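Remarks on the structure that follows.
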Amino acid sequence: MWQAVARFSRREEHERWSWGGRDGRNSISDAEQLLCLMYPAAEVSIFGLDAPDETAEDVLTALKLMGDAREIPRLLVKVIGEYMRTYTSESGTPIFAGGSYFQPADPDVELTPEQRSLDVVDSFATSISLSLATLGFLKVFARSVTRQETRRELEELEEVTSTRLTAAMIGLLRSFAVNVFKPASSYGRALVRTLNQSGQSDRMVLAELNRRLQEVRASLRDAVLGVSQDERLDDENMLFECGFSWGVVEDAPVIETPESVGEQPAGVALGAPYLYFTVVAIDSIADLSSERSRVLGLLNAEQQRLAQALQLRWDLTMGYWSAVARATSGRWPLEDIPWRTTDNVESDYFSLLVVAVVLQELLTRRATDDDLTRTVAVLEELAVRGRINRRFAEGDPSIGLHFPGVRLGLSGGKADAPRISWQVTDFAALLLKRTLRAAGLSRNIVARDRLLAVAEDALGHMWQRRISTGTSAGLWDDPSALFPKVTANAELPSWYMTERMIECLITAARTVSQPPIISPSLIETATDLLGEAEHLFSQYQLEAGGENGSAIHRTLLRIETMLGRARMVLRERPGTANALASEALRALDELTVARQDAARIV
């Protein structure tokens, strides 16, 4: 994929970096293009580009069109600096506009330039990820730079990147939404209908929901930074939902900060959560608290304050959606596919988004095996419903889930302006990423195997959708390769989809890097085998003759080494200990047979 990114971005006919993809240039698409390089370099150590003397040879081979080990990081500094300047206004305010990613709800109507310039959560989130990857890259690369001119360039880029990071965090804080409504409202009736899986009275359903959300409701009062407080939240007879809207929420207060982040535009987005943007937001918040961010000290004091406020919203969002999705003791609302939102729109895609939040919450608090097993079953069913592991038939309605995708109506703004929509086509990529992440965190062997089976199917699905010809070969997305009678322009890459595939592969690398799941029964078996082997070995040591260097002496030394290694790895790698103990027993048995044969000959 890196080879393909380099080939497209550094085409011979262009002297400069080749920006833009299938959807044109905007603050999100350009960031996604850069993240295709910067994210793996930051998250997977063997792909590092910030220490020229340590860059791997296969990495240099893949990126040879971008230069050698020293030219590549200098080029990245130049290109990232160009991105930062492009998406900073003349007044010094970072730009987070959705641009060409915004689409009119009515294809016959054009959106206004003002609408396309609206800030969007996707831009805040990608900017946080790109800024963190860039700051970490600069900190390490600066150690190998000696020229004063280059050092000044790095310092300037670090300053503007830090400013963009702060502005993106503020934008995300101001996009957090708490929607309070009456049980008798359309929102309330839709929520109760989703929660009531066993035909109980509405009163009982509401009582159970209030009990589950009691802690979340109380903690929401602490989320004051960037949030317009609704006094009705204190009334336990009112229902609510929380998460992230598509942009800065209408009436969201300005956040006071000592950082020079420019203007904080007035919000226009509906003050209610959108599942898609909620999942995008919580992923970027997780990047802020990553081990790399802590070790390299990427956040300054003000950013740490903002990160704490975002972490509170992360906790509240996870707690709310997990409680709602598992609101009943019998059948979960999550298991009633497709998920229906409070504005009475339903889709298998929404079910997948809710699963994404629930899985993260369950695995964060080390859920019970039953909770995890039931959630994995939902993922398996979504894979079937989305035809991830089934053949697509002509006219199959599930094709629309992947292409043209699910259209989200973005409410807010002027009443007389054209309606804005947002198209999401990443069902398979999202399924792949969530199953891989869950598999990496799960300590349940059976659940992990089932998750990896779904991930294999989703990866196979996505791999068939790579572009196969032209300058975009090896990138995404060509749905016509998989779906009957679907045509798409595959001349330019979709950075939206390509970057999501990069995220999936990074998640896969993390999953592979995790230590194997330790089975208590395997430890017990390995301990028994090791006990028998060590006892027999001791007998041979007592009885064996032969001088040092003899064949039997060399065999006993080899067995002793195997047993010592087995004992050393018993707790961390019981399967390996099992194999070593078995090999030692086999070698001891060969000695026994040899001794018996020798006795018969005599």
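Annotations for the structure displayed:
Yes or no, residue by residue, for (1) among the hydroxyl-bearing types (Ser, Thr, Tyr); (2) in contact with a Leu (Cβ under 8 Å, 6 or more places away or on another chain); (3) on the phi > 0 side of the Ramachandran plot:
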site	(1), (2), (3)
Phe240	no, yes, no
Asp251	no, no, yes
Glu256	no, no, no
Ser260	yes, no, no
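- Some residue of region 315-336 being within 23 Å of the chain's Cα centre (by Cα), closer than 24 Å to Ala97 by Cβ, of a type outside the set (Val, Ile, Thr) and part of a helix (DSSP H, G or I): no
- Filter pass, Ser329 being open to solvent by less than 70 Å² (accessible area, probe 1.4 Å) and polar (S, T, N, Q): no
- Among the residues making up region 140-178, those that are under 19 Å from Ala223 (Cα atoms) and in contact with a helix residue (DSSP H, G or I) (Cβ under 7 Å, 6 or more places away or on another chain) are Thr166, Ala168, Met169, Ile170, Gly171, Leu172, Leu173, Ser175, Phe176, Val178.
- Subset of region 510-545 [under 22 Å from Lys433 (Cβ atoms) and surrounded by fewer than 18 Cβ atoms within 10 Å (Cβ to Cβ)]: Arg510, Val512, Ser513, Gln514, Pro515, Pro516, Ile517
- Only a single criterion out of (1) of a type outside the set (Lys, Arg); (2) farther than 21 Å from Ser329 by Cβ; (3) open to solvent by less than 60 Å² (accessible area, probe 1.4 Å); (4) assigned to a helix (DSSP H, G or I) is not satisfied by Tyr187, namely (3).
- Every condition in (1) of a type outside the set (Val, Ile, Thr); (2) in a helix (DSSP H, G or I); (3) over 25 Å from Leu436 (Cβ atoms) holds for Asp370 except the one numbered (3).
- Of the residues making up region 230-260, those that are more than 26 Å from Val424 (Cβ to Cβ), open to solvent by 10 Å² or more (accessible area, probe 1.4 Å) and out of contact with any strand residue (DSSP E or B) (no Cβ under 6 Å at 6 or more places or on another chain) number 13.
- For Phe141, the test of being in a helix (DSSP H, G or I) and either under 26 Å from Glu54 (Cα atoms) or without any contact (Cβ under 8 Å) to a residue 60 or more places away in the chain (or both) is passed.
- Where Ile337 falls short, out of the listed (1) of a type in the set (A, V, I, L, M, F, W, C); (2) within 17 Å of Asn196 (Cα to Cα); (3) surrounded by 22 or more Cβ atoms within 10 Å (Cβ to Cβ): (3)
- Taking the numbered list (1) closer than 28 Å to Trp422 by Cβ; (2) modelled with pLDDT under 90 in turn, Arg365 passes all entries but (1).
- Count of region 458-484 residues, restricted to those that are among the charged types (D, E, K, R) and open to solvent by 60 Å² or more (accessible area, probe 1.4 Å), is 1.
- Residue pairs meeting the criteria (Cβ under 6 Å; at least 6 apart or on separate chains; first touching a residue at least 40 places away in the same chain (Cβ under 8 Å) and over 17 Å from Glu361 (Cα atoms), in region 431-455; second open to solvent by less than 10 Å² (accessible area, probe 1.4 Å) and of a type in the set (Asp, Glu)): none
- Matching residues in region 368-407 - criterion: being farther than 30 Å from Lys485 by Cβ, at pLDDT below 90 and surrounded by fewer than 17 Cβ atoms within 10 Å (Cβ to Cβ): Thr368, Asp369, Asp370, Thr373
- Counted residues, region 441-471 - those being modelled with pLDDT under 90 and touching a Leu at 6+ places or on another chain (Cβ under 7 Å): 4
- Leu191 closer than 26 Å to Ile72 by Cβ and in contact (Cβ under 8 Å) with a residue 24 or more places away in the chain: no
- Of residues in region 197-219 being modelled with pLDDT under 90 and in a loop (DSSP other than H, G, I, E, B), the one surrounded by the most Cβ atoms within 10 Å (Cβ to Cβ): Gln197
- Of all residues in region 14-46, those satisfying the criterion of being without any contact (Cβ under 8 Å) to a residue 40 or more places away in the chain and closer than 18 Å to Leu475 by Cβ are His14, Ser18, Trp19, Leu37.
- Long-range neighbours under 6 Å by Cβ, at least six apart or interchain, first residue part of a loop (DSSP other than H, G, I, E, B) within region 220-236, second of a type in the set (Asp, Glu): Ser228/Asp251
- Residues that are closer than 25 Å to Gly409 by Cα number at least 3 in the following helices (runs of 4 or more DSSP H) confined to region 33-128: 113-116.
- Restricting attention to region 286-320, the residues that are within 30 Å of Leu209 (Cα to Cα) and β-branched (Val, Ile, Thr) add up to 1.
- Single residue of Ser27, Ser91, Ser9, Ser18 found to be hydroxyl-bearing (Ser, Thr, Tyr), crowded, with 18+ Cβ neighbours inside 10 Å and farther than 25 Å from Ser289 by Cα: Ser9
- Condition check for Thr86: of a type in the set (Ser, Thr, Tyr) and closer than 30 Å to Asp315 by Cα: no
- Evaluation of Arg11 against (1) touching a residue at least 60 places away in the same chain (Cβ under 8 Å); (2) in a helix (DSSP H, G or I) (one fails), failing number: (2)
- Test result for Leu410, farther than 18 Å from Phe350 by Cβ and surrounded by 15 or more Cβ atoms within 10 Å (Cβ to Cβ): no
- Thr561 being in contact (Cβ under 8 Å) with a residue 40 or more places away in the chain, open to solvent by 60 Å² or more (accessible area, probe 1.4 Å) and of a type in the set (Ser, Thr, Tyr): no
- Single residue of Arg419, Arg443 found to be within 22 Å of Arg326 (Cβ to Cβ) and open to solvent by 30 Å² or more (accessible area, probe 1.4 Å): Arg443
The values are calculated or read from the model by the stated rules, or taken from the named source; none is laboratory data. In this text the structure is predicted, and so the values were computed from the model without any measurement. Methodologically, a virtual Cβ is constructed for each residue, glycine included, from the backbone with ideal geometry; neighbour enumeration extends over all protein chains shown. The area values use the complete protein model at the heavy-atom level, side chains included, leaving out ligands, DNA and RNA. Shrake-Rupley method; radii C 1.70, N 1.55, O 1.52, S 1.80 Å.
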